[in-house]
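All remarks here apply to the structure that follows.
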Amino acid sequence: MKNQIKSFFSKHPTLSIKSKALAKKLSATSPHEYAKLKDVIHQLAEEGFLERKGKRFQLNKFTTGKLVGRLQLVENGSFGFVVLEKSKINDIFIPERHLGTAFHGDTVEVSLFATQKGKNLEGQIINIIKRGRTEVTGTLKKTKSFYFVDPDEKEIHRDIYIGSDKLNNAKSGDKVVVGEIEWKDRLLNPEGTVVEILGKAGSYMTEISALAREFNLSYKFSDKTLNEAENIPLELDEAEIKTRLDYRNKTVITIDPADAKDFDDAVSLEILENGNYSVGIHIADVSHYVRRNSPIDNEALKRGTSVYFVGKVIPMLPERLSNNVCSLVPDKDRLTYSVIVEMTPRGRVVKYRIAKSVINSKRRFTYDEVQEIIETGKGDFSDIVLKLNKISQNLRKKRMQSGSINFHTPEVEFELDDTGTPLDIKVKKVKESHNLIEELMLLANRIVGEHVTKNENKNYIPFVYRIHDLPEREKLIEFSSFVKSLGYSFDPASAVKSVQFQKLLEKVRGTEEEALINEIAIRSMAKAIYSTDNIGHYGLGFKYYTHFTSPIRRYPDLIVHRLIFDY
């Protein structure tokens, strides 16, 4: 029935017709057939193939105009789909024989076939408007008579021929970058030129370099950026120190993973005369060193974040900054931006202060070292660690009561040898020491987000929020049906309050279904994004939230630091 209706409207693109008249045309006049026809035409209208005007239906005008979108191929290149730009029409199916010389990721123009076979419209690529990428990484190989590159990306489904005059000293077995790619005839392979040799295929650093190129990540810093970084002095300016809140004589500590290379946050605790605690969350003051529109700033903006691989990181900032000048290493004076919070021992915030500061970390802790102090009550600065942990527990308890969703998703960590070869894979265990730091960072982020909003005085002040929208109703209904099949109840209508998710996740904790339900719950959620329009953070249950705590590795945090200082 669906194919018949598609074919009819494709042959009569300007005809506007009622469902009863269409039924007569297609000889679908029995009550059963007519009911089915009505169901199908409404479905085609929802998919965008048909356009409804009152009681009449006609071919959607968008299907008869110029159709432009991005090609997405399956891994073996046997078929693909074109995702249309600014259109309600479903993705267009492109069989292999009609792909032409298009690569995965290309922006293409499509023409539709009059007869449709499946639930998707079907068409062919008639024009390549823009190539999705100009370079491809892969391994250079040699047959008896010619060289070719086997692409790393499986969606790049054709080997690329390399003429002997375009090898540029590359040898068989090298991991290379191919550029100047031309593909004019589908019966022949694309041709290209080796523009960069990354190293021997299979070696750790070579493969990391290839991944960086595949995802268009900047792997090396420009000479301008490196020169600017090298000219940043390691010693602090005394005049600058005098303008700041001085925490160098106070007990400030860092808590990080054992393999951490940079330390961008530190914490402190003092007991005040009134019995309250003064808790300090100290963040590396990257904004002091990264000046607006400088080479370092421009490159950091382009990178957006640091990118983490197994055993390797591509930093947002040059290592002189991320691993040295801005890293809160022990026994070194470091410039920070601090949120100083006065709170009761039970975790109620009395007041806070946001100020530029200078610290000198007294101890670098690993998570395991802090966990041992929590479990035994003994160790360096144990009094401070135990009090911070108690505060963290109280903050976490309040957060959960307010509807913050506590997902339990297993993470893994890899043990590598010196060459980057994996030796072991372990499941990470989230312990109280991890929660201690997480809760204090969440507190600082929430305070900073709320600080700007409260000081608006009803006038809009531009700011970068981290927001998380409500889940889509359709996904909630699907999630509800799924958990019902496992014997649990979930009311999708009540899920506008995140506490509904939290109650379910608490109920499944420790069961065989826990990991599965957590995973599907996460997939039911919207994605958290950055925005200047604050709608709150659904998953955390916060009305105000931003990212303030990692300016070394996230550019939005750097922007937040600058804005807070400006305001």
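The values are calculated or read from the model by the stated rules, or taken from the named source; none is laboratory data. Keep in mind it's a predicted model, so treat the numbers as computed, not measured. Backbone-built Cβ (ideal geometry, glycine too); neighbour counts: all protein chains shown. Heads up: the accessible areas ignore ligands, DNA and RNA and are worked out on the full protein's heavy atoms, side chains in. Shrake-Rupley method; radii C 1.70, N 1.55, O 1.52, S 1.80 Å.
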*In region 469-527, which residues are part of a helix (DSSP H, G or I) and hydroxyl-bearing (Ser, Thr, Tyr)?*
480, 481, 485, 494, 524
*Please identify the pairs in which a residue from region 490-508 that is under 21 Å from residue 536 (Cβ atoms) and of a type in the set (Val, Ile, Thr) has its Cβ atom under 7 Å from the Cβ atom of a residue that is at pLDDT 85 or above and open to solvent by 50 Å² or more (accessible area, probe 1.4 Å), counting only partners at least 6 apart or on another chain.*
496/470
*Taking residue 228 as the residue in question, decide whether it is part of a helix (DSSP H, G or I) and touching a Pro at 6+ places or on another chain (Cβ under 9 Å).*
yes
_Within region 288-403, considering only strands (runs of 3 or more DSSP E) that don't extend past its boundaries, which have at least 2 residues that are charged (D, E, K, R)?_
333-343, 349-360, 363-366
*If you take the residues of region 532-549 that are within 16 Å of the chain's Cα centre (by Cα) and at pLDDT 95 or above, which of them is nearest to residue 307 (Cα to Cα)?*
547
*On the given criteria, is residue 283 buried (at least 19 other Cβ atoms within 10 Å of the Cβ) and either closer than 21 Å to residue 562 by Cα or among the basic types (Lys, Arg) (or both)?*
yes
*List, please: which pairs have Cβ atoms under 8 Å, are six or more places apart or on different chains, and start with a residue in region 350-377 that is within 16 Å of residue 253 (Cα to Cα) and end with one that is among the basic types (Lys, Arg) and open to solvent by less than 30 Å² (accessible area, probe 1.4 Å)?*
357/244; 358/244; 358/334; 359/334; 360/334; 361/334
*asked:* Based on this model, can you work out whether residue 561 counts as surrounded by 14 or more Cβ atoms within 10 Å (Cβ to Cβ), touching a residue at least 60 places away in the same chain (Cβ under 8 Å) and not in a helix (DSSP H, G or I)?
replied: no
*Any idea which of 432, 411, 439, 415 is free of Cβ contacts under 8 Å to residues at least 60 places away in the same chain, under 27 Å from residue 309 (Cα atoms) and either in contact with a helix residue (DSSP H, G or I) (Cβ under 8 Å, 6 or more places away or on another chain) or among the hydroxyl-bearing types (Ser, Thr, Tyr) (or both)?*
439
*Limited to region 444-468, what total is found for residues that are open to solvent by less than 80 Å² (accessible area, probe 1.4 Å) and either part of a loop (DSSP other than H, G, I, E, B) or modelled with pLDDT under 90 (or both)?*
7
*In region 101-177, which strands (runs of 3 or more DSSP E) lie fully inside it and hold 3 or more residues that are surrounded by 13 or more Cβ atoms within 10 Å (Cβ to Cβ), modelled with pLDDT of 90 or more and in contact with a Pro (Cβ under 8 Å, 6 or more places away or on another chain)?*
136-142
*Hey, does region 181-193 have a residue that's under 30 Å from residue 417 (Cα atoms), assigned to a loop (DSSP other than H, G, I, E, B) and either modelled with pLDDT of 85 or more or touching a Gly at 6+ places or on another chain (Cβ under 6 Å) (or both)?*
no
_Criterion (modelled with pLDDT of 95 or more and open to solvent by 60 Å² or more (accessible area, probe 1.4 Å)) met by exactly one of 337, 308, 352, 289_ = 352
*asked:* Checking residue 515 against (1) of a type in the set (A, V, I, L, M, F, W, C); (2) in contact with a helix residue (DSSP H, G or I) (Cβ under 9 Å, 6 or more places away or on another chain); (3) modelled with pLDDT under 90, only one condition comes out false. Which one?
replied: (2)
_Number of the condition not met by residue 13 [criteria: (1) crowded, with 17+ Cβ neighbours inside 10 Å; (2) in contact with a Ser or Thr (Cβ under 6 Å, 6 or more places away or on another chain)]_ = (1)
*Restricting region 43-63 to residues that are under 36 Å from the mean Cα position of the chain (by Cα) and either modelled with pLDDT of 90 or more or of a type in the set (A, V, I, L, M) (or both), which is most open to solvent (accessible area, probe 1.4 Å)?*
45
*Does region 128-150 hold any residues that are polar (S, T, N, Q), within 16 Å of residue 180 (Cα to Cα) and without any contact (Cβ under 8 Å) to a residue 60 or more places away in the chain, and which are they?*
134
*Confirm whether residue 213 is under 25 Å from residue 78 (Cβ atoms) and not aliphatic (A, V, I, L, M).*
no
*Select, from 198, 211, the only residue that is in contact (Cβ under 8 Å) with a residue 60 or more places away in the chain and in a strand (DSSP E or B).*
198
*Based on what the data block shows, is residue 494 modelled with pLDDT under 90, surrounded by 15 or more Cβ atoms within 10 Å (Cβ to Cβ) and among the hydroxyl-bearing types (Ser, Thr, Tyr)?*
no
*Taking residue 236 as meeting all but one of (1) under 30 Å from residue 178 (Cα atoms); (2) open to solvent by 20 Å² or more (accessible area, probe 1.4 Å); (3) in a loop (DSSP other than H, G, I, E, B); (4) of a type in the set (A, V, I, L, M, F, W, C), write down the number of the exception.*
(1)
*Could you please find all residues in region 208-246 being over 30 Å from residue 139 (Cα atoms) and touching a strand residue (DSSP E or B) at 6+ places or on another chain (Cβ under 9 Å)?*
235, 236, 240, 241, 243, 244, 245, 246
*asked:* Is it the case, given these coordinates, that residue 40 is β-branched (Val, Ile, Thr), open to solvent by 30 Å² or more (accessible area, probe 1.4 Å) and either closer than 30 Å to residue 150 by Cβ or in contact with a Lys or Arg (Cβ under 7 Å, 6 or more places away or on another chain) (or both)?
replied: no
*Pick from 211, 217, 188, 245: which is within 30 Å of residue 340 (Cα to Cα) and hydrophobic (A, V, I, L, M, F, W, C)?*
245
*Among the residues of region 525-558, write down those that are open to solvent by less than 30 Å² (accessible area, probe 1.4 Å) and either without any contact (Cβ under 8 Å) to a residue 12 or more places away in the chain or charged (D, E, K, R) (or both).*
557
